[in-house]
Ligand SMILES: [Zn+2]
């Protein structure tokens, strides 16, 4: 994963953003293996959705989840998959294509 250290991207209150598989990170932010794995999971999601539809789906799902309980961002299927598996550093080796789809459903015991 290509990592760029820059003050301007992302916006102020965010540490990092993954744009087309490139990670933009503020200069002082420490990147853990888990964070890099989290972003790699997003890159895999992007690639299997042919990139642009990933961003469209991300925004539409966020808008749909805004009026629902909890933080819309944390309830996004893409984020739920990434957070649930970021500590598993070999996750991408065994991940099935479109694994994020199962995170669209309501929470289960293995899908927190
Ligand atoms: Zn994320």
Task: Contacts under 7 angstrom Cβ, first residue in the range 20-41 being within 18 Å of residue 78 (Cα to Cα) and in a strand (DSSP E or B), partner within 12 Å of the ligand (Cβ to nearest atom) and modelled with pLDDT of 95 or more, 6 or more apart - done: 23/39
Open item on the list: Tell me the residue from 76, 31, 23, 66 that is in contact with a helix residue (DSSP H, G or I) (Cβ under 8 Å, 6 or more places away or on another chain), over 20 Å from residue 102 (Cβ atoms) and surrounded by 12 or more Cβ atoms within 10 Å (Cβ to Cβ), please.
Closed with: 23
Open item on the list: Can you go through 103, 58, 91, 83 and tell me which one is surrounded by fewer than 17 Cβ atoms within 10 Å (Cβ to Cβ) and touching a helix residue (DSSP H, G or I) at 6+ places or on another chain (Cβ under 9 Å)?
Closed with: 83
TODO: Collect the residues in the range 1-19 that are away from the ligand (no atom under 13 Å from the Cβ) and in contact (Cβ under 8 Å) with a residue 12 or more places away in the chain, keeping them in residue-number order.
DONE: 1, 2, 3, 4, 5, 6, 7, 9
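Rundown of residues vs (1) within 11 Å of the ligand (Cβ to nearest atom); (2) modelled with pLDDT of 95 or more; (3) more than 13 Å from the chain's Cα centre (by Cα); (4) assigned to a loop (DSSP other than H, G, I, E, B), yes/no style:
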site	(1), (2), (3), (4)
44	no, yes, no, no
59	no, yes, no, no
70	no, no, yes, yes
73	yes, no, no, no
81	yes, yes, no, no
87	no, yes, yes, yes
97	no, yes, yes, yes
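The values are calculated or read from the model by the stated rules, or taken from the named source; none is laboratory data. What you are looking at is a predicted structure, and each value in this text was computed from that prediction instead of being measured. Positions of Cβ are generated from backbone atoms using ideal geometry, with glycine treated the same way; all protein chains shown enter the neighbour counts.
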